[in-house]
1. Would you mind checking which residues have amide H under 5 Å from His20's amide H? H placed 1.01 Å from N; only 5 or more apart, or other chain.
2. Subtract the Cα-Cα distance of Phe11 and Ser29 from 0.36 nm times their separation in residues, and report this length gain in nm to one decimal.
Amino acid sequence: MERLVANNQVFHSSCFCCKHCNAKLSLGSFAALAGEFYCKPHFQQLFKSKGNYDEGFGRKQHKELWASKESENITKTA
């Protein structure tokens, strides 16, 4: 079996696929974010859909995480 190494992870060449569309990826045709791999067209599409990496890829925005930490700090000091 042929193997690929991407972002310090080893894959069978047939298992290295886009998380969004399952298209087979190559070392020149992928983009990675938070340990997940995407074809370049879907990586761009998901980013453009929300204008940021967090919402476009189904995560909470960092500003929401900061807001919750700020409210916790206010509660602790009060």
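Just so it is clear, none of the values below were taken in a lab; they were calculated from the coordinates. Fair warning: this is a prediction, and the values are worked out from it, not measured in the lab.
1. Under 5 Å from the amide H of His20 lie the amide H atoms of Cys39, each far enough along the sequence or on another chain.
2. Full extension of this stretch gives 5.0 nm more.
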